[in-house]
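Novice: Mind having a look at this structure? Questions to follow.
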Amino acid sequence: MKLAICAGPATTGKTAVLRHIIRKLKDSGQRVAFLKIDVQYAEEDEQFAREFGIPTRKVYSGELCPDHCNVMVLGDAMQWARKAGSDVLLVETAGLCLRCSPYVDGGLGMIVLEATSGMNLPLKVGPMLSLADIAVVTKIDRVSQAEREVFRARIQDVAPGVRIREVNALYGIGIDPLVDHIRATPDAEESMLLRGNPPVGTCTICVGKKEIGWQSHFGVVRALDNQTFYRGE
Amino acid sequence: MIDTITILNGHGRSGEADAVPRLDLKMGDVVSIVGPTGSGKTTFINDIELFADANTPTGRRILINGERPPTEYRDDPARNPIALITQHTTFLSDLPVNEFLHTHARIRITNLVERETAIERTLSFANQLTGEPIALESRMTELSGGQTRALLIADATIICNTPIVLLDEVENAGIHRTRALELLRQYRKIFIFVTHDPRIALLSDYRIVMQRGRITQVLHTDAEERKMATVVSHLDDVLSNLRDKIRFGERVTSVELEGLA
């Protein structure tokens, strides 16, 4: 089973991009499972389950940072998706903290950025961009050619190895190459490591334990099955 | 070097094939795409922008110089030969014009002298398209609709300098269209206008007619239409003078219409 993790700031079009990707993967005969990680509210799982009839789940990270939550639950989620007979697990995460990134070795890492967020954005998002395999740029028809080009150049400055894919998520233009990338990703291994080094902090992940799955951690742990609603207390 | 773009074997929404199975657009061509709203004009230029390979709803394929476009066009956006300006396209930056143009030119043009020349030419090009000259110190966000459109076109043509420029209904924001076409023709590129404007259509080399998603005809501007282009431009100017006068609270008289047949 292949794993693709999609991160990016709010409202950039992650869900719209993933919707096209799921449709195209399904059309090519792939069985897709979808996991959404958000802080306290999300309904993409219900939308995708309705639209595509695929197995979906969501997890609210609540008091945890979404990337931390991702590390905790991803092991469970891989098992769940494998059991459901999936060929691909797509994970969508809010990735709110700009010091970490949710990508793991052995899985495809995609960041979705909107061209409308200003030419300096690529310089601000940190490892979420620099550790990605692909930077998907949305809303390209909304900005001048000049800003589009400067945006690209800044992505290349920050992350010389990242592939840039410009898409129009409204019409599904430019989605095919993303599907090709997912299909070309090797199957994920049983044990996976978080890509890159976490920042200074106080939890097991922050201090550098990169093993995926809550079983490898202590202190603040979370399984896919225990859900709490974060009220900020 | 790009010499031609070829559009192959598309079909409309009902599956009926394009009336022209192969269309070659040559370097230097100024082309209009015409047709009623919803006839597939924007889809047509999307096919081009995407280098469609029978993988879009129209089934069209795009060739560059008679061959499948190199993958680097897709892999390296900086090598993409197409600039796109739509009716939604705008500048978001609030930098001063001068700083903005330098920011863009820096990533395109390494030679300092060439860079300065390109910026000067961009500004002079834009100022010939708009009634109100653009000041280098004004902020991008302070530009009027016409100034913005003029600068978008000038920047795409000169600083981006891509061989193919797609312009999707850019006529609505007060720019001198006749002057724009004259100036654009000095640059050897393929310009593709999606347009409802008779002036732009008649000043093009030919127009691609769309209906229900398919190409129904390709009409080359003939000698009579070419002659008419001048009169149509005049007619258009008269109308836009009238519009301005009414806008500024003046009365209009039948004198304005003198000289019209």
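Novice: Could you tell me how many of the residues in the stretch B:141-164 are within 9 Å of chain A (Cβ to nearest Cβ) and of a type in the set (Val, Ile, Thr)?
Specialist: 3
Novice: For the stretch A:113-148, what are the residues that are within 13 Å of another protein chain (Cβ to nearest Cβ), crowded, with 24+ Cβ neighbours inside 10 Å and either assigned to a loop (DSSP other than H, G, I, E, B) or in contact with a Cys (Cβ under 6 Å, 6 or more places away or on another chain) (or both)?
Specialist: If the condition is that a residue be within 13 Å of another protein chain (Cβ to nearest Cβ), crowded, with 24+ Cβ neighbours inside 10 Å and either assigned to a loop (DSSP other than H, G, I, E, B) or in contact with a Cys (Cβ under 6 Å, 6 or more places away or on another chain) (or both), then A:Ser144 is the only one that fits.
Novice: What do you reckon, is A:Val91 in contact with a strand residue (DSSP E or B) (Cβ under 9 Å, 6 or more places away or on another chain), away from chain B (no Cβ under 11 Å), at pLDDT 90 or above and closer than 23 Å to A:Tyr60 by Cα?
Specialist: Here the answer is yes, as A:Val91 does meet what is asked.
Novice: So how many residues does the stretch A:149-185 have that are at the interface with another protein chain (Cβ under 7 Å from one of its Cβ atoms) and closer than 22 Å to B:His88 by Cα?
Specialist: 7
Yes/no per residue for (1) without any contact (Cβ under 8 Å) to a residue 40 or more places away in the chain; (2) surrounded by fewer than 24 Cβ atoms within 10 Å (Cβ to Cβ):
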{"site": "A:Ala4", "(1), (2)": "no, no"}
{"site": "A:Ala42", "(1), (2)": "yes, yes"}
{"site": "A:Pro55", "(1), (2)": "yes, yes"}
{"site": "A:Met78", "(1), (2)": "no, no"}
{"site": "A:Gly85", "(1), (2)": "no, yes"}
{"site": "A:Leu96", "(1), (2)": "no, yes"}
{"site": "A:Cys100", "(1), (2)": "no, no"}
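The values are calculated or read from the model by the stated rules, or taken from the named source; none is laboratory data. Because the structure is a prediction, the values reported are computed rather than measured. Because the Cβ atoms are built from the backbone with ideal geometry, glycine has one as well, and the counts that use them run over all protein chains shown.
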